[in-house]
Amino acid sequence: MRIKTRVFNEEKRSDSHFCLSGTLHIGDEIREINSISVANQTVEQLQKMLDLPSTIQPKGRQIVSRPPIKDKMSVKIYVRAQFEYDPSKDELIPCKEAGIRFQVGDIVQIISKDDHNWWQGKLENTKNATAGLIPSPELQEWRVACIAMEKTKQEQQASCTWFGKKKKQYKDKYLAKHNAVFDQLDLVTYEEVVKLPAFKRKTLVLLGAHGVGRRHIKNTLITKHPDRFAYPIPHTTRPPKKDEENGKNYFFVSHDQMMQDISNNEYLEYGSHEDAMYGTRLETIRMIHQDGHIAILDVEPQALKVLRTAEFAPRLLL
């Protein structure tokens, strides 16, 4: 039995005894399992042999104990809903009474993802919460994409029947022709979350409509607490004025350099004004964190996709 390909699916990797041990590589041959030859063994027999307690002993290497395999159900998965759902108004759900109603921001514990279209879950922090059905991310994305296509009349001929008899043929046709719709919608259905103790935030993000006072809040915090807060200095391609110093109010860079950095995803956001480009570089935010300060950002909501990571650890102020 020769190893021909690596396992790239992380879920499969976690279930693989040998991938966990890190002892098998492409091209290696398995001749024995637990001192039993694998020659002429069926797949079922090999699987039974793998399920037995064992150690892995490659030739010429130290014995490596096989780590215990965790039960999938012992790992709890929680998600934060990014859309509102009411099963009583859902025409696709198999049983409306079996569905769970939730609002944007509700935390749902995922019980099962076995079904492709319908997950099982229950609301967290709710008394007497019972498990029920919720739409899978793929089903919800398909639903929203179909509605968007109907509204914009981008598709006039194809039907949006998910459970039709020609499901497979239509699904392939749909995905081939309308990938751009998903890209334009940029859908987020569920966000996986974990419960953590309170910790210091690195970034304060101010969100809201223009003219509601975000700049005033930012300036007030920096003025009253300069030892705690700082604002990332923007970069610009416009030439410096006579009394301007590089790195004080702006970092002045060439147009080519800024375009190169943008193509390398080094900017949180950017735009143009009066034939010059302006932008917030991620490295300037990191420099504020290195100085022990909290970075205050006044950005558009689209920038949250980049900021919502452990590196930036943002707190949102709406």
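Restricted to segment 114-144, and to residues there that are charged (D, E, K, R) and surrounded by 14 or more Cβ atoms within 10 Å (Cβ to Cβ), the residue that is farthest from Ser88 (Cα to Cα) is Glu124.
The number of residues in segment 231-282 that are in contact with an Asp or Glu (Cβ under 7 Å, 6 or more places away or on another chain) and touching a residue at least 40 places away in the same chain (Cβ under 8 Å) comes to 3.
Within segment 92-106, residues that are more than 12 Å from Tyr190 (Cα to Cα) sit with their Cβ atoms under 6 Å from residues that are loosely packed, with under 15 Cβ neighbours inside 10 Å, at 6+ positions apart or across chains, in these pairs: Lys96/Ser88; Arg101/Asp86. When Val108 is tested against (1) modelled with pLDDT under 55; (2) under 23 Å from the mean Cα position of the chain (by Cα); (3) surrounded by 15 or more Cβ atoms within 10 Å (Cβ to Cβ), just one condition goes unmet, and that condition is (1). All but one of (1) surrounded by 13 or more Cβ atoms within 10 Å (Cβ to Cβ); (2) outside any loop (DSSP other than H, G, I, E, B); (3) more than 23 Å from the chain's Cα centre (by Cα) hold for Pro240; which doesn't? Failing condition for Pro240: (2).
The values are calculated or read from the model by the stated rules, or taken from the named source; none is laboratory data. The model shown is predicted, which means the values in this text are computed figures rather than measured ones. For neighbour counting, all protein chains shown are included, and Cβ atoms are generated from backbone atoms with ideal geometry for every residue, glycine included.
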